[in-house]
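One structure below.
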Amino acid sequence: MAIDAATVRKVARLARIREPEERLEPLAQELNTIISWIEQLEEVNTDGVEPMTSVVAVALPLRDDVVTEGGDTSRILSNAPKSADGFFIVPKVVE
Amino acid sequence: MSELTKLTLKAALAGLKARDFSSVDITKAHIEAIEQARGLNAYVLETPDKALAMAAESDARLARGEGGALEGAPLGIKDLFCTDGVRSTAASKILGNFVPAYESTVTSQLWRDGGVMLGKLNLDEFAMGSSNETSAFGPVINPWRRNGSEAALTPGGSSGGSAAATAADLCLAATATDTGGSIRQPAAFTGTVGIKPTYGRCSRWGIIAFASSLDQAGPIAKTVEDAAIMLRSMSGHDVKDSTSLPVKVPDFASYVGRSVKGLRIGVPKEYRMPGMPAEIEKLWVDGIAWLKDAGCEIVEVSLPHTKYALPAYYIVAPAEASSNLARYDGMRYGLRAGGPSLTDVYEESRAQGFGEEVKRRILIGTYVLSAGYYDAYYLKAQKVRRRIADDFDQAWQTCDALLTPTAPSAAFGLGEQSDDPIAMYLNDIFTVTTNLAGLPGLSLPAGRDAQGLPLGLQLIGRALDEGTLFSLAGALEKAAGFTAKADRWW
């Protein structure tokens with residue numbers, strides 16, 4: 001499953017990270033080195049092994065579905081790159 | 001005044017309580033030490049005004065005969081913990097000048113107990129790294145140098161600022177976090193004590209997330225007992241973190257000094273790595289002998305899947321990171337760049353905001369989670385992770401704790417490993433297994449190599465059995481008699 005420049009372009013697009021064209025080939029090589037090192041996991045027999053999804057064997061707790069805090073627009077907007085009238089200003093999404 | 005910075009946390013707390021000196025005195029001494037040590041690059045933000053205000057409040061409480069478990073003690077905070085009204089960056093450009101409007105649970109508990117915040121400590125960007133070189137603020141410099149050399153060494157990572165600041169007496173103790181070894185390896189590289197507790201012991205709420213199923217907070221301190229004092233304040237159930245454990249927090253410090261007679265110590269044969277420096281092998285043998293002298297029984301155990309822990313980690317951690325770091329999109333906080341379209345802003349903000357190692361891990365994580373590869377990589381890694389956890393369960397049939405080296409080398413030079421990601425990843429070879437299995441691991445300084453650099457030993461325990469680790473670490477600390485400090489050059 002070798003990674004080529006086209007795969008890096010696709011993955012970078014999925015991750016929403018712009019990678020310039022000249023970086024795709026070097027990145028493909030770097031990722032291939034890491035992925036082929038990772039592929040030694042194939043040696044491990046995992047037939048019938050349950051995947052580990054949680055390190056602590058406790059059921060996730062439920063809480064009441066009630067409002068605990070909120071209604072503080074100014075705090076929420078305090079780090080916004082752009083805001084106006086109590087809203088985040090974002091680029092146009094719908095043409 | 002500078003003598004006050006040399007105190008252990010325990011001695012400082014006793015002196016504060018006895019009113020031998022005030023919190024303002026010891027806080028001022030630390031602020032001066034920090035100003036003189038800027039060459040170490042340990043702090044990314046100093047908060048002297050806040051520290052002095054908190055110290056004055058502590059002094060008022062102490063004068064009334066009140067005060068919590070950490071009353072008046074100046075502490076450093078890894079800049080991965082969100083602090084209310086104080087810039088928090090994860091050492092990443094993407095967070096820019098982010099100022100949280102809330103306090104992480106762990107730090108809020110330190111302030112509840114009377115701790116004083118000196119500032120925010122440097123780290124690898126988003127805690128991804130083993131040398132502090134991925135920080136957007138530049139690397140921390142280890143206060144330790146090789147004998148007769150002025151070469152700048154890494155303090156390890158990702159909690160390099162926490163470790164260097166503690167080693168150089170720029171705080172009495174510090175908070176840190178550990179996803180694959182980020183508390184223990186820097187502790188080993190700087191002659192300090194660090195513990196990653198059981199997963200769920202400390203709340204992750206308000207800690208900037210890297211890999212949620214592996215991240216765990218813990219302290220870096222000057223002594224085993226200091227680490228125990230810190231961990232008690234940091235621990236405890238929190239309804240805001242659904243993975244935090246609803247269990248009682250023991251008085252960890254009460255375990256230090258207890259007899260370890262009759263405890264069975266496992267020595268895992270798979271941790272004997274080819275090419276491991278002879279000094280580390282010797283330190284390990286010394287550690288075994290010290291515990292034997294203290295009355296422990298030594299047993300050889302096998303953890304057959306050890307060599308697969310790092311490859312499994314480098315699927316699980318990047319996969320979780322790619323998901324956690326999706327939130328940095330330039331919309332609600334942090335860096336916004338590019339345009340005019342929404343996708344342009346996303347892609348450009350993330351391209352400019354993230355450093356190379358963070359991007360690399362996001363790309364790996366996105367790749368292993370992408371359509372068609374999920375079963376081959378992520379699911380496989382989670383199954384191997386189960387086998388690693390089963391190895392430990394098997395070991396606990398015949399022993400009560402494990403003794404291993406903390407890291408495969410002493411501190412290395414800045415730039416020495418940065419060209420080869422896999423060589424860098426191997427720093428975590430002895431520590432990462434406990435993150436995958438959720439177990440507690442403690443590193444303490446136990447000796448020095450031929451060049452005078454500190455080396456660490458690691459103790460691994462059963463889930464929620466940090467108490468036994470503190471007893472064993474206390475015995476090892478006493479036997480090793482490690483009291484060396486870095487000669488001051490900064």
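Miscellaneous remarks
- Test: residue in segment B:293-301 that is free of Cβ contacts under 8 Å to residues at least 60 places away in the same chain, under 26 Å from B:A211 (Cβ atoms) and among the charged types (D, E, K, R): no
- Close contacts from segment B:73-100, counting a first residue that is within 13 Å of chain A (Cβ to nearest Cβ) and a second that is among the acidic types (D, E), with Cβ to Cβ under 8 Å and a gap of 6+ residues or different chains, come to B:C82/B:E103; B:D84/B:E103; B:S88/B:D79; B:T89/B:D79; B:P100/B:D84.
One line per residue, one yes/no per condition, for (1) under 30 Å from B:G474 (Cα atoms); (2) of a type in the set (D, E):
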| site | (1), (2) |
| --- | --- |
| B:E281 | yes, yes |
| B:I288 | yes, no |
| B:L291 | yes, no |
| B:C296 | yes, no |
| B:V301 | yes, no |
| B:P304 | yes, no |
| B:L310 | yes, no |
| B:Y314 | no, no |
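- The set of residues in segment B:157-196 being crowded, with 24+ Cβ neighbours inside 10 Å, touching a Lys or Arg at 6+ places or on another chain (Cβ under 7 Å) and outside any strand (DSSP E or B) consists of B:S159, B:G161, B:S162, B:T166, B:I183, B:R184, B:T192.
Condition check ((1) buried (at least 18 other Cβ atoms within 10 Å of the Cβ); (2) within 28 Å of B:G413 (Cβ to Cβ)) across all residues:
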{"residue": "B:R38", "(1), (2)": "no, yes"}
{"residue": "B:A60", "(1), (2)": "no, no"}
{"residue": "B:S88", "(1), (2)": "yes, no"}
{"residue": "B:T107", "(1), (2)": "yes, no"}
{"residue": "B:W111", "(1), (2)": "yes, no"}
{"residue": "B:N122", "(1), (2)": "yes, yes"}
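- Evaluation of B:K240 against the conditions (1) among the basic types (K, R); (2) within 18 Å of B:T468 (Cβ to Cβ); (3) part of a loop (DSSP other than H, G, I, E, B) shows that the sole unmet condition is (2).
- Every test in (1) assigned to a helix (DSSP H, G or I); (2) under 24 Å from B:I422 (Cβ atoms); (3) not hydroxyl-bearing (S, T, Y) is passed by B:M276 save one, and that test is (1).
- Given (1) assigned to a loop (DSSP other than H, G, I, E, B); (2) closer than 23 Å to B:S104 by Cβ, index of the condition B:I34 fails: (1)
- Failed item in (1) aliphatic (A, V, I, L, M); (2) in contact (Cβ under 8 Å) with a residue 24 or more places away in the chain; (3) surrounded by fewer than 10 Cβ atoms within 10 Å (Cβ to Cβ), with A:L60 passing the rest: (2)
- Some residue of segment B:280-300 being of a type outside the set (A, V, I, L, M, F, W, C), in contact with a helix residue (DSSP H, G or I) (Cβ under 7 Å, 6 or more places away or on another chain) and not in a helix (DSSP H, G or I): yes
- Restricted to segment B:304-410, the set of helices (runs of 4 or more DSSP H) holding at least 3 residues that are crowded, with 20+ Cβ neighbours inside 10 Å, at the interface with chain A (Cβ under 7 Å from one of its Cβ atoms) and out of contact with any Asp or Glu (no Cβ under 9 Å at 6 or more places or on another chain) comprises B:309-324, B:356-369, B:380-395.
- Residues in segment A:20-31 include none that are surrounded by 15 or more Cβ atoms within 10 Å (Cβ to Cβ), more than 30 Å from B:Y346 (Cα to Cα), at the interface with chain B (Cβ under 7 Å from one of its Cβ atoms) and not small (G, A, S).
- Residue in segment B:3-14 that is surrounded by the fewest Cβ atoms within 10 Å (Cβ to Cβ), counting only those that are in a helix (DSSP H, G or I) and touching a residue at least 60 places away in the same chain (Cβ under 8 Å): B:K6
- Of all residues in segment B:15-31, those that are part of a helix (DSSP H, G or I), over 27 Å from the mean Cα position of the chain (by Cα) and of a type in the set (A, V, I, L, M, F, W, C) total 1.
- Selection status of A:V11, in a helix (DSSP H, G or I), among the β-branched types (V, I, T) and either free of Cβ contacts under 8 Å to residues at least 12 places away in the same chain or at the interface with chain B (Cβ under 7 Å from one of its Cβ atoms) (or both): yes
- Which numbered condition B:L52 fails, given (1) touching a residue at least 60 places away in the same chain (Cβ under 8 Å); (2) of a type in the set (A, V, I, L, M, F, W, C); (3) part of a helix (DSSP H, G or I): (1)
- Selection count where residues are more than 7 Å from chain B (Cβ to nearest Cβ), in a loop (DSSP other than H, G, I, E, B) and under 26 Å from the mean Cα position of the chain (by Cα), scope segment A:59-81: 2
- Given (1) within 14 Å of chain A (Cβ to nearest Cβ); (2) free of Cβ contacts under 8 Å to residues at least 40 places away in the same chain; (3) in a loop (DSSP other than H, G, I, E, B), number of the condition B:A463 does not satisfy: (2)
- Scanning segment A:82-95 for residues that are facing another protein chain (nearest Cβ under 8 Å) and in a loop (DSSP other than H, G, I, E, B) yields a total of 5.
- In segment B:421-444, the residues that are small (G, A, S) and modelled with pLDDT under 95 never reach a residue that is crowded, with 23+ Cβ neighbours inside 10 Å and outside any loop (DSSP other than H, G, I, E, B) with C-beta atoms less than 7 angstrom apart, at least six apart or across chains.
- Any pair with Cβ under 7 angstrom, 6 or more apart, that starts in segment A:38-55 at a residue that is crowded, with 16+ Cβ neighbours inside 10 Å and ends at one that is in a loop (DSSP other than H, G, I, E, B): A:V44/B:H305; A:V55/B:Y199; A:V55/B:S213; A:V55/B:G438
- Complete set of residues in segment B:435-456 that are within 22 Å of B:Y199 (Cβ to Cβ) and touching a Pro at 6+ places or on another chain (Cβ under 7 Å): B:P440, B:G456
- Qualifying residue in segment B:253-274 (condition: within 14 Å of another protein chain (Cβ to nearest Cβ) and hydrophobic (A, V, I, L, M, F, W, C)): no
The values are calculated or read from the model by the stated rules, or taken from the named source; none is laboratory data. Please read these numbers as outputs of a predicted model, since none were measured by experiment. Positions of Cβ are backbone-derived with ideal geometry, glycine not excepted, and every protein chain shown enters the neighbour counts.
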